[in-house]
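Inspection log for the structure reproduced underneath, given as structure tokens.
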Amino acid sequence: MPSPADPASPDSAEIVFHAEGLTKIYRMGEVEVRALDGVDLDLYRGELVVLLGPSGSGKSTLLNILGGLDPPTTGTVICGGRDLAVAGEAELTEFRRHMVGFVFQFYNLIPSLTARENVAIVTEIARNPLTPEEALALVGLGERLDHFPAQLSGGEQQRVAIARAIAKRPQVLLCDEPTGALDSKTGVVVLEVLERINHEVGTTTALITHNADIARMAHRVIHLSDGRIGRIEINEKPCPAKELRW
Ligand code: ADP
Ligand code: MG
């Protein structure tokens, strides 16, 4: 176990997310897809956890439920003293706005706004946010504040998206295949940024991937298949992101 004095150590005593008995059934006419089939999950403060599973295993479904984007069919998700599964729209909006940051495979930046303005959209409605300049400096883009998305590479655009997600100082950063659209060299740079934010800011980070190489950087690896959690591995010595190759 890492020493308790190390500020980068996840505190396994403190649970940020507690999910129990999650199922998600999508119904399309006569057809039922059981995307989640009884998932129990805790996320601990300060950890970087990878949810690893093949395509179709339910990773995005799980992340969307944890982020309050979609309700489970059954089960509970406790975060910050509320149960997202039964929360109303106003409560969920409040939760998404202040508690969670999202990073998706595609960056979803607004093309007509600069990097700084894309981040400012979020900081303007947040409580006690980082400034856009601080957030962009954290992702290594302090010199690119006034660039538009089209003037940035894919990896740089993803770093703007990460700056936007962390600027509100979320309890948890939820990342769905954040390197899925990037070549491996650029992907590693993006993962180094997530690693740095986890170390320096202490942001609890859940990273979804189907790429087993990426799982090596996690404190914990949660394996998902067919909507269920199988093994959970603990990495005593997570691999530095810069050493990852795939
Ligand atoms: P992953 O992210 O691991 O690839 P998903 O959570 O996207 O997996 O999907 C899990 C299963 O649920 C898949 O069989 C997928 O086709 C199905 N699914 C996901 N979203 C929907 C939806 N909105 N409507 C119907 N089926 C869906
Ligand atoms: Mg997915």
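The values are calculated or read from the model by the stated rules, or taken from the named source; none is laboratory data. The model shown is predicted, which means the values in this text are computed figures rather than measured ones. Please note: Cβ atoms are built from the backbone with ideal geometry, for glycine as well, and neighbour counts cover all protein chains shown. Just the protein is used for accessible areas: all its heavy atoms, side chains included, with ligands, DNA and RNA removed. Shrake-Rupley method; radii C 1.70, N 1.55, O 1.52, S 1.80 Å.
Put the Cα centre of region 196-223 next to the Cα centre of region 17-59 and the gap is 17 Å. Panel values: region 64-145, Kirkwood radius from alpha carbon pairs, Stokes-Einstein at 37 °C and 0.692 mPa s, translational diffusion coefficient 227 µm²/s. Within the shell defined by Cβ-Cβ distances under 11 Å, the residues around residue 113 carry a net charge of 0, with Lys and Arg each +1 and Asp and Glu each -1.
How high is the FRET efficiency from residue 127 to residue 239, r the C-beta distance, R0 30 Å, rounded to 0.05?
0.25
Give the peptides 120-132, 51-63 in descending order of average Cβ contacts within 10 Å, highest first. Display every interim value, and only then the final one.
Values: 120-132: 15.3, 51-63: 20.7.
Listed from highest to lowest mean packing, they are 51-63, 120-132.
Restricting to Cα atoms and excluding each atom paired with itself, what does the Kirkwood estimate give for region 138-197 in Å?
11.9
Kindly provide log₁₀ I(q)/I(0) values, in the same order as q = 0.13, 0.20, 0.22, 0.28 Å⁻¹, from the Debye equation applied to equal alpha-carbon scatterers of region 34-94. The calculated log intensity ratios at q = 0.13, 0.20, 0.22, 0.28 Å⁻¹ are -0.36, -0.85, -1.00, -1.37. Probing with 1.4 Å while keeping every protein chain in the model, the per residue accessible area of the chain equals 47 Å².
Net charge in the neighbourhood of residue 232 (other residues with Cβ under 11 Å of its Cβ; Lys, Arg +1, Asp, Glu -1) is -1. The calculated 222 nm mean residue ellipticity attributable to helices in the chain amounts to -8000 deg cm²/dmol, summing -39500 (n - 2.57) over DSSP H runs of n ≥ 4 and dividing by all residues. According to the calculation over all Cα-Cα pairs in region 65-204, the P(r) per 5 Å bin from zero is 2, 11, 20, 22, 19, 13, 8, 4, 1, 0 %. Net charge of the neighbourhood of residue 59, taken over other residues with C-beta under 10 Å away and scored Lys/Arg +1, Asp/Glu -1, is -2. Summing Cβ point charges (Lys, Arg +1; Asp, Glu -1) relative to the Cα centre of the chain gives a dipole of roughly 200 debye.
Can you tell me the order of 32-40, 80-88 when each peptide is scored by its average per-residue count of other Cβ atoms within 10 angstrom, highest first? Don't skip to the end; give the middle numbers.
Working: 32-40: 16.8, 80-88: 14.1.
So the peptides 32-40, 80-88, ranked by packing, come out 32-40, 80-88.
Remark: the chain projects, on average over all directions, an area of 13.6 nm² (convex hull of Cα atoms). The calculated FRET efficiency for the pair residue 112 and residue 181, based on their C-beta separation and a Förster distance of 25 Å, comes to about 0.75.
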